[in-house]
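What follows is a short report on a single structure.
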Number of protein chains: 2
Amino acid sequence: MTGLTIKDIIITPIAATDPPLLNAAGLHAPYALRTIVEVVTHDNIIGISEIPGNSDIDDALEKSKEIIIGKDPFQLNQIRDAIESHFDSETTAQRGDAPWDQRKIVHVFSAIEVACLDIIGKILERPIVDLLGGKRRNMVPFAAYLFYKYKGAGGKLEFGIDRNATGWDAARQAEATTPEGIVKQAIFMVKEFGFKSIKLKGGAFEPQQEVNAIKALYAHFGPNVPLRHDPNAIWKLETAIKHGKSMEGFLEYFEDPVRGQENMAKARQALKMPLATNMCTTSFEDIPKSIKLGAEDIILSDHHFWGGLRSSMELSRICSTFGRKLSMHSNSHLGISLAAMVHLGAALPEVPYALDTHYPWQSEEVIVGGRTKFEEGAVQVPSKPGLGVEIDREMLKILHKNYLDCGLKKRDDLVEMRKVVPDWEFKQVRW
Amino acid sequence: MTGLTIKDIIITPIAATDPPLLNAAGLHAPYALRTIVEVVTHDNIIGISEIPGNSDIDDALEKSKEIIIGKDPFQLNQIRDAIESHFDSETTAQRGDAPWDQRKIVHVFSAIEVACLDIIGKILERPIVDLLGGKRRNMVPFAAYLFYKYKGAGGKLEFGIDRNATGWDAARQAEATTPEGIVKQAIFMVKEFGFKSIKLKGGAFEPQQEVNAIKALYAHFGPNVPLRHDPNAIWKLETAIKHGKSMEGFLEYFEDPVRGQENMAKARQALKMPLATNMCTTSFEDIPKSIKLGAEDIILSDHHFWGGLRSSMELSRICSTFGRKLSMHSNSHLGISLAAMVHLGAALPEVPYALDTHYPWQSEEVIVGGRTKFEEGAVQVPSKPGLGVEIDREMLKILHKNYLDCGLKKRDDLVEMRKVVPDWEFKQVRW
């Protein structure tokens, strides 16, 4: 047993090149931060995971070492309880207004859980999906995730351009601030990855412009490519109803048109299409009120935010019990998170909607073998033991150096936006 | 991988001696029926499970062989989906009015799931609790489960008596049809097993007599031994409120005083004590209405009825999400079911109430080493791989012969009651 207990936890913050993507909270910085976690057993089995990067969470992970080192990675219940007790004296709900505002306990536990499941899978010589009851599909479908954006590729080029880029690589650098720009972005992204569904991250421009973009996408791709629009909760209820009505028949679902469960419930009553959320119902604590009000049809889960893969399976049972659908939210991420999302996506009872992923927006990777392949918009479920992906040590060094060099400590889209539009203000409800 | 696929499923119905216990639906037969299931892999790893005995379920298990044989025991999601599709053409909700009326799919899947988890545990050399996230406690507490009963020990003695019996063995044979008889039964059972909580199965005598029994128990055991009363949903709402009020301050919780979620919700509003159920909310399908109405405080789960151990963990998450407590229901059972209950009980986030078990009422066993030991009313979590218990082949033969000899095919307390009281009628609501 000693051989299997946890000997060390290695926490490596990294920064991956991210283009200047717009959203309701501002602008993506030139780098997206992630934290790579390695849990090492005494017999040197290494389990890995990836979570959104934030120096506060990294510090919390650092503090968690003392309670996790020495524990058996199978004892996930004990580890979870220990983390909860450990951070009990601190505020446990530290979310702000933005969807990526982070809660310490779920992030820390998610990081440790996925890494421990990776260890267990390696011991068993089984993919993680088999620890979630086994796979129900071989391919997990994702959606094209369109963004309004400024010109630029991010990273060391900042908002500059690699003029030798072609195809999607060129489109990824291109400005997209109009319906035409969005359609062009979609064409290249869909061609490159084979996506069968398209999501537009909205909340960046005034509503009619974004509605026009949805209709332009519909005009180009036709009725067989499901579309979604996500105003990031920045619309007033009346705006959401007015423009929502004009998008009925065009949207597969409407994501977070308004802020708060009450407003979502009202919008849902008024509109004849499913409403999805990753902003109004974002934790198990939010579920009872969601059910009472009927706040949404679809919960966009995220194992980083919901406390891991097993918790996500529990959320799935809650959704099926209460007639909700489950799909998946994403942040900018690399292949370790993607692998975890795919294992979960393979185990879920149903995947009624292609999952979100920011993956196309990154070009770097931290896993051996480089970028994960998409086939017809879907990712094959890894069959190797555990997550089925391993860290590329050289790339980890490079991306960690990016982190040290770029100076970013947490995501702050407001700060980035002000670099471009100095007097820009965040508003919870803008239109 | 071939070595690990399922080669055979062996289904053995057995009958274990059961005393003439009374409840709202009639009388226990001289034998309690159980079905022992063995799932055998090509490399001859045998996973075992035990479910309530019923020839219809045995037939359904038999029919399931064709879809389960050849499958990998890790692929529990696929196995579950296959069973659901297989029985889709048949009625999936076949419950009647009695709590042990059985639904085919959950029973069949529960039998297969526990046996597969036993196989996985054996491969991993880990107890099943480690497949549920690991144990949160070393001892799982159970409650004394008192029954009104006629004189007799059941089995081949029918309603006869072994006059050489002493202590609990004698008390188990004794008549208990009065408050005094119930207190005497409790004294011997508590002494034998060390239980710290006491449940009285009621619904057998008119309400005031049962209230008197509760008060007699309180008078004897004092305020430090939590008491529960279970009228088996046979009381009218007004009866439940009237007599419930007289038991406020005496009961830890009040179990199924009335029939149906609406009545439970009304009783819950009227009474100042927690209400528990294993009769009004008994499946995931029942949960939304339970939450809407506020039908109970405590769900008494049963992995045989809720589709296995992993589903029970999901139920636990639903309960904690909606502010419900989870405890455990029982039927007459032997050591394989008990082991599964203990693994689950060890993994649950909390065990706020000692779990139900009929175990003291049986004296036979089907597992190697004989009867499971209780220490201070609790059972130690098995640490051996899988369930941690194995079939005693000689006892399996004997108990299977009991089954063949006794001629019972399913539980029917009405038939048994009429052997004693020929004109006895079952009533959904009696008092």
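Restricting region A:340-353 to residues that are open to solvent by 10 Å² or more (accessible area, probe 1.4 Å) and under 17 Å from the mean Cα position of the chain (by Cα) leaves a set whose member that is farthest from A:LYS199 (Cα to Cα) is A:VAL351. Say we look at region B:192-208 and pick out the residues that are out of contact with any helix residue (DSSP H, G or I) (no Cβ under 7 Å at 6 or more places or on another chain) and of a type in the set (D, E, K, R); which of these is least open to solvent (accessible area, probe 1.4 Å)? Among residues in region B:192-208 that are out of contact with any helix residue (DSSP H, G or I) (no Cβ under 7 Å at 6 or more places or on another chain) and of a type in the set (D, E, K, R), the one least open to solvent (accessible area, probe 1.4 Å) is B:LYS199.
For region A:351-386, give me the residue count where each residue is in contact (Cβ under 8 Å) with a residue 24 or more places away in the chain, in a loop (DSSP other than H, G, I, E, B) and in contact with a strand residue (DSSP E or B) (Cβ under 9 Å, 6 or more places away or on another chain).
Residues in region A:351-386 being in contact (Cβ under 8 Å) with a residue 24 or more places away in the chain, in a loop (DSSP other than H, G, I, E, B) and in contact with a strand residue (DSSP E or B) (Cβ under 9 Å, 6 or more places away or on another chain): 22 in total.
Out of A:ALA165, A:ALA216, one residue alone is open to solvent by 20 Å² or more (accessible area, probe 1.4 Å) and outside any helix (DSSP H, G or I). It is A:ALA165. Being open to solvent by 20 Å² or more (accessible area, probe 1.4 Å), modelled with pLDDT of 95 or more and of a type in the set (A, V, I, L, M, F, W, C): is that true of B:ILE105 here? No, not satisfied.
Looking for whichever is outside the structural domain of B:ASN331 (by TED's automatic domain parsing), within 28 Å of B:LYS410 (Cα to Cα) and open to solvent by 10 Å² or more (accessible area, probe 1.4 Å) here; the options are B:ASP56, B:ASP72. Which one fits?
When all the criteria are applied, what remains is B:ASP56.
Per-residue answers, yes or no, for (1) over 14 Å from the mean Cα position of the chain (by Cα); (2) without any contact (Cβ under 8 Å) to a residue 60 or more places away in the chain; (3) more than 17 Å from A:TYR353 (Cβ to Cβ):
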{"position": "A:LEU275", "(1), (2), (3)": "yes, yes, no"}
{"position": "A:PHE284", "(1), (2), (3)": "yes, yes, yes"}
{"position": "A:ILE287", "(1), (2), (3)": "yes, yes, yes"}
{"position": "A:LEU293", "(1), (2), (3)": "yes, yes, yes"}
{"position": "A:ILE298", "(1), (2), (3)": "yes, yes, no"}
{"position": "A:SER301", "(1), (2), (3)": "no, yes, no"}
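Quick check on B:VAL429: is it assigned by TED's automatic domain parsing to the domain that holds B:ILE298, among the β-branched types (Val, Ile, Thr) and part of a loop (DSSP other than H, G, I, E, B)? Criteria not met by B:VAL429. If the condition is being surrounded by fewer than 22 Cβ atoms within 10 Å (Cβ to Cβ) and outside any helix (DSSP H, G or I), then region B:281-301 contributes B:SER283, B:GLY294, B:ASP297.
For the subset of region B:1-53 comprising residues that are under 30 Å from B:ILE123 (Cα atoms) and either part of a loop (DSSP other than H, G, I, E, B) or without any contact (Cβ under 8 Å) to a residue 24 or more places away in the chain (or both), which member is most open to solvent (accessible area, probe 1.4 Å)? Taking the candidates together, the pick is B:MET1.
A single member of B:ALA204, B:ALA170 is touching a residue at least 12 places away in the same chain (Cβ under 8 Å), outside the structural domain of B:ALA32 (by TED's automatic domain parsing) and part of a loop (DSSP other than H, G, I, E, B), and it is B:ALA204. Checked against the criterion of being of a type in the set (A, V, I, L, M, F, W, C) and touching a Phe, Trp or Tyr at 6+ places or on another chain (Cβ under 8 Å), the candidates A:ALA165, A:ALA144 yield just one match: A:ALA144. Being surrounded by fewer than 24 Cβ atoms within 10 Å (Cβ to Cβ) and touching a helix residue (DSSP H, G or I) at 6+ places or on another chain (Cβ under 8 Å) is the requirement here; does B:LEU117 meet it? Taking the combined requirement at face value, the residue does not satisfy it.
Checked against the criterion of being within 13 Å of another protein chain (Cβ to nearest Cβ), surrounded by 21 or more Cβ atoms within 10 Å (Cβ to Cβ) and among the aliphatic types (A, V, I, L, M), the candidates B:MET313, B:MET264 yield just one match: B:MET313. Comparison of B:HIS329, B:HIS333 shows that the only residue that is open to solvent by 10 Å² or more (accessible area, probe 1.4 Å), more than 14 Å from chain A (Cβ to nearest Cβ) and either of a type outside the set (A, V, I, L, M) or out of contact with any Ser or Thr (no Cβ under 7 Å at 6 or more places or on another chain) (or both) is B:HIS329.
Taking region B:124-140 as the range and being buried (at least 21 other Cβ atoms within 10 Å of the Cβ) and among the acidic types (Asp, Glu) as the test, only B:ASP130 passes. Of the residues examined, B:TRP361 is not one that is of a type in the set (Phe, Trp, Tyr), within 14 Å of chain A (Cβ to nearest Cβ) and under 13 Å from the mean Cα position of the chain (by Cα). Looking only at residues of region A:226-261 that are part of a loop (DSSP other than H, G, I, E, B) and open to solvent by 30 Å² or more (accessible area, probe 1.4 Å), we find that the one that is nearest to A:LEU146 (Cα to Cα) is A:PRO226.
Inside region B:336-350, can you point out the residues that are within 10 Å of another protein chain (Cβ to nearest Cβ) and assigned to a helix (DSSP H, G or I)? Once the filter is applied, which keeps residues that are within 10 Å of another protein chain (Cβ to nearest Cβ) and assigned to a helix (DSSP H, G or I), region B:336-350 yields B:ALA346, B:ALA347.
The values are calculated or read from the model by the stated rules, or taken from the named source; none is laboratory data. All of these numbers come straight from a predicted model, not from anything done at the bench. Note that each Cβ is placed from the backbone with ideal geometry, even for glycine, and that neighbours are counted across all protein chains shown. When the accessible area is computed, the model is the full protein with side chains, heavy atoms only, and any ligands, DNA or RNA have been set aside. Shrake-Rupley method; radii C 1.70, N 1.55, O 1.52, S 1.80 Å.
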